[in-house]
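Q: Structure incoming, see below.
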Amino acid sequence: PGLGDYLRACAKYSYTNLANRVRVHPVSPGILYEDEEFTVSCQLLKHRIPAHGYRIAEKDRPGRFDVEKANALGIPPGPIYGKLKKGETVTLPDGRKIRGQSLCGETEIGRKIAYCTDTIFCEGSIKLAQNADVLIHEATFAHQDAGLAFESVHSTSTMAAQVALAARVKLLLMTHFSPRYLPGNSLDISNLLEEARAIFPNTKLAYDFLTYEVPRNRQEMALGVK
């Protein structure tokens, strides 16, 4: 809230014509968007200025539809298959009631991603990340620089790991590192990874242009699909 007014003022006094190229959508904690496949929500984090974290949750889907079993039961193909695939119960012309769930495999649990921007350790991060497949969390400072973290209201590597542990996520991707840990400086960014892994072992460091495909099931996760 308020960012739209700020951008319009910047544009006005810098004589910048934004026209319709920039659209501002003020947000508040809760659901921001929802359709048949996804829900996007946000939560207020803890920073010097208002900052929100986001959660993208894929909705659960019925398991694989067993066409062979449907044929064996004498169910005619057509629109009725669509209802059965959704797990609905339908009544056949001969009066039989067929439960769609009995013709579908195990429910495919939707994938979940949480993205926590500028923040120090807070309950909002944990709430957003509950049971997420991937948590992307800032880790500006090493644990030894916790004083700087509290002063600037940013997270340490150990804070990010504590959020991941408390929220029972599957993978923690840390990002937003202070330049003091980048190559060429006296401090090593690998220390942040070691600190986080001491609390939450399945932690990785993000880097520019990193891509990660979130596995759909435990088998893919065991294979390390990316």
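The values are calculated or read from the model by the stated rules, or taken from the named source; none is laboratory data. Just so you know, these numbers come straight off a predicted model, no measurement behind them. Positions of Cβ are backbone-derived with ideal geometry, glycine not excepted, and every protein chain shown enters the neighbour counts. Ligands, DNA and RNA are excluded from the accessible area calculation, which covers all protein heavy atoms including side chains. Shrake-Rupley method; radii C 1.70, N 1.55, O 1.52, S 1.80 Å.
Q: So which residues in region 83-104 are in contact with a Lys or Arg (Cβ under 9 Å, 6 or more places away or on another chain), part of a loop (DSSP other than H, G, I, E, B) and open to solvent by less than 40 Å² (accessible area, probe 1.4 Å)?
A: Listed by number, the list holds a single entry, GLY87.
Q: Okay, moving on. List pairs: first in region 192-207 and assigned to a loop (DSSP other than H, G, I, E, B), second at pLDDT 95 or above, Cβ under 6 Å, 6+ apart or cross-chain?
A: Sorted first by the residue in region 192-207, then by its partner, the pairs are PHE200/ALA161; PHE200/ALA164; PHE200/LEU165; PHE200/LEU172; ASN202/LEU171; ALA206/LEU173; ALA206/THR175.
Q: Determine, yes or no, whether ALA70 is more than 31 Å from the chain's Cα centre (by Cα) and open to solvent by less than 10 Å² (accessible area, probe 1.4 Å).
A: Details: more than 31 Å from the chain's Cα centre (by Cα): yes; open to solvent by less than 10 Å² (accessible area, probe 1.4 Å): yes.
Answer is yes for this residue.
Q: If you don't mind, another one. Of everything in region 36-65 that's modelled with pLDDT under 95 and acidic (Asp, Glu), which residue is most open to solvent (accessible area, probe 1.4 Å)?
A: GLU36
Q: Please specify each residue of region 30-48 satisfying the condition of being out of contact with any Gly (no Cβ under 9 Å at 6 or more places or on another chain) and touching a residue at least 40 places away in the same chain (Cβ under 8 Å).
A: Listed by number, the residues that qualify are HIS47, ARG48.
Q: Could you tell me whether SER152 is under 20 Å from the mean Cα position of the chain (by Cα) and among the hydroxyl-bearing types (Ser, Thr, Tyr)? Show your work before the answer.
A: On the way: under 20 Å from the mean Cα position of the chain (by Cα): no; among the hydroxyl-bearing types (Ser, Thr, Tyr): yes.
The answer is no for SER152.
Q: Please work out which residue is least open to solvent (accessible area, probe 1.4 Å), limiting yourself to region 13-35 and to residues that are in a strand (DSSP E or B) and among the hydrophobic types (A, V, I, L, M, F, W, C).
A: Selected residue: LEU32.
Q: Test GLY63 against the criterion of being assigned to a loop (DSSP other than H, G, I, E, B), small (Gly, Ala, Ser) and within 24 Å of GLY110 (Cα to Cα), and give yes or no. Walk me through how you get there before you give the answer.
A: Numbers: assigned to a loop (DSSP other than H, G, I, E, B): yes; small (Gly, Ala, Ser): yes; within 24 Å of GLY110 (Cα to Cα): yes.
Yes: the conditions hold for GLY63.
Q: Which condition does LEU92 not pass, out of (1) within 30 Å of the chain's Cα centre (by Cα); (2) modelled with pLDDT of 85 or more, if it passes all the others?
A: Unmet for LEU92, out of (1) within 30 Å of the chain's Cα centre (by Cα); (2) modelled with pLDDT of 85 or more: (1).
Q: Between ILE80, ILE120, which is crowded, with 17+ Cβ neighbours inside 10 Å and farther than 30 Å from ALA206 by Cα? Even if it seems obvious, please write down each step before you answer.
A: Values: ILE120 fails: farther than 30 Å from ALA206 by Cα.
After applying the criteria, what remains is ILE80.
Q: Count, please, the residues in region 16-35 that happen to be modelled with pLDDT under 85 and of a type in the set (A, V, I, L, M, F, W, C).
A: 3
Per-residue answers, yes or no, for (1) among the polar types (S, T, N, Q); (2) under 28 Å from GLU108 (Cα atoms); (3) open to solvent by 30 Å² or more (accessible area, probe 1.4 Å); (4) at pLDDT 95 or above:
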{"residue": "MET159", "(1), (2), (3), (4)": "no, no, no, yes"}
{"residue": "VAL169", "(1), (2), (3), (4)": "no, yes, no, yes"}
{"residue": "SER186", "(1), (2), (3), (4)": "yes, no, yes, no"}
{"residue": "GLU194", "(1), (2), (3), (4)": "no, no, yes, yes"}
{"residue": "THR203", "(1), (2), (3), (4)": "yes, yes, no, yes"}
{"residue": "ARG216", "(1), (2), (3), (4)": "no, yes, yes, no"}
{"residue": "GLN219", "(1), (2), (3), (4)": "yes, yes, yes, no"}
{"residue": "GLY224", "(1), (2), (3), (4)": "no, yes, yes, no"}
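Q: Would it be correct to say that VAL169 is among the β-branched types (Val, Ile, Thr) and in contact with a Ser or Thr (Cβ under 6 Å, 6 or more places away or on another chain)?
A: On the way: among the β-branched types (Val, Ile, Thr): yes; in contact with a Ser or Thr (Cβ under 6 Å, 6 or more places away or on another chain): no.
For VAL169, the condition - among the β-branched types (Val, Ile, Thr) and in contact with a Ser or Thr (Cβ under 6 Å, 6 or more places away or on another chain) - is not met.
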